[in-house]
Amino acid sequence: MPHEIRVPRLGWSMEEGTFIRWLKNEGEEVRPGEPLYELEGEKALQEVESIDAGTLRISPQCPESGMTVAVGAVLGCLAAPGEVLPWEQRAAPAGRTSGTTEALADSPAVMTRSHDSGGVATGPPRNGTQPGRQLSTPRARRVAAELGVDWKSLRGTGRGGRIRESDVRAAAAGGAAAVAAEFERVGTRVRMSPRRRAIAERMLKSQQRNAPVTLTRSVDATELVRLRLEMKASNTPGQIASYTDLTAAMVARVLVRHRVLAGCWDAARESIILPHEDAIHIGIAVHTEEGLLVPVLRHAGTLAIKDLAAQSRALIDKARSGSLGAADMQGSVFTVTSLGADGVDAFTPIINDPEAAILGLGAIRRIPIVMPDDRIVPRDTMTLSLTFDHCRIDGAPAARFLEEVCRGLEDPASILRFS
């Protein structure tokens, strides 16, 4: 029988993606493991490989390039000669074309052009629609709860009056429509890209799932600055670690003794997963034209600094060229982000969910400091901003972790490995 080609879930929270293009042609033979099509997930463009063999037959409802597709949507199938295709099996008898089209449009595999499509209805109830009962999709109810919309008061546009996600979002947007229209009258509308939209959704979910608290602390970065100047004088450009790299390496070493800061919340089992000591991988936030991406430095606490710097540079280059893969952004247990280059002293970073904490680096500034012997001397200082989830971590353990990171950065040469 034909093997259906469905949109996979590329990320743990992915509900839909953007179809880019086929890498095989209609009627072409496909073998297992061959790249079949390109799909953009939450933050990365990825080639989806075939897991079956056969002749590629593209569905008549296949999306065009740039269209949004729901996870599970049928794009086509791999079939043997003479096999009946899935969409041919679903063809309606004469006089039933309209009903069949409506049923397909309301199925979980619907492809849509816009983010608020809501194609997740499960079809009509087995015994038909009960009089007076308002039907809704599970996703519509979830979105209604998130947006504070009373879905029972809405008029559904799905089959049999079923309320869909698009109905909920339209109701939520109704109050803002007039404001948006006024802004559009005096401004320019810029459509949000799928990647920017995914970033926005992840930020919002992080704020909803965590109870974020931010601690700030100033650190004497004089030795850190001196160490980096020495590296610039003695190493090749590709091996010079940034302040983010050096801090990520230090954080990874400290996390071994404070693993609760690296715990991942497993809501399904109501538990926290603590990483093994050899699995401390650190995400580094990278600013790109399309938004913030977080590639992952593997084993950041055990690498020599020059090797970590080379890994970091390669990931940053991939992020800014648009070639960062999904695997490059998976597995981190803690994230380090910096706005120091933009002149920001302190800020409130948002937790990279499902991680428990994130550390923000501010600008390094030379200021007069009163030393223990009352001398006033110029010193390089930097403010660290630690945001953590208070549901998983209390303030005292977070403060102790931050204190140890600060002590390490004040004497980095004695802790970090350079060869």
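The values are calculated or read from the model by the stated rules, or taken from the named source; none is laboratory data. Values in this document were obtained by computation on a predicted structure and should not be read as measured data. A quick note on method: Cβ atoms are made from the backbone with ideal geometry, for glycine too, and the neighbour counts reach across all protein chains shown.
Before moving on, here are some points about what is shown:
Here is a yes/no grid of residues against (1) in contact with a strand residue (DSSP E or B) (Cβ under 9 Å, 6 or more places away or on another chain); (2) in contact (Cβ under 8 Å) with a residue 12 or more places away in the chain:
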residue	(1), (2)
290	no, yes
297	yes, yes
303	yes, yes
307	no, no
319	yes, yes
326	yes, yes
337	yes, yes
345	yes, yes
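- Pairing residues of region 193-213 that are not assigned by TED's automatic domain parsing to the domain that holds residue 17 and surrounded by fewer than 14 Cβ atoms within 10 Å (Cβ to Cβ) with residues that are hydrophobic (A, V, I, L, M, F, W, C) and at pLDDT 80 or above, at Cβ distances under 9 Å and at least 6 apart in sequence or on separate chains, gives 207/350; 207/351; 211/391.
- Exclusive hit being surrounded by fewer than 20 Cβ atoms within 10 Å (Cβ to Cβ) and outside any loop (DSSP other than H, G, I, E, B), set 278, 345: 278
- Of all the listed residues (358, 376, 350), the sole one being in the same structural domain as residue 253 (by TED's automatic domain parsing), touching a residue at least 12 places away in the same chain (Cβ under 8 Å) and surrounded by fewer than 22 Cβ atoms within 10 Å (Cβ to Cβ) is 350.
- Any hit, region 282-305, residues being over 24 Å from residue 388 (Cα atoms) and part of a helix (DSSP H, G or I): yes
- Any chance residue 368 is out of contact with any helix residue (DSSP H, G or I) (no Cβ under 8 Å at 6 or more places or on another chain), of a type outside the set (D, E, K, R) and either assigned to a helix (DSSP H, G or I) or free of Cβ contacts under 8 Å to residues at least 12 places away in the same chain (or both): yes
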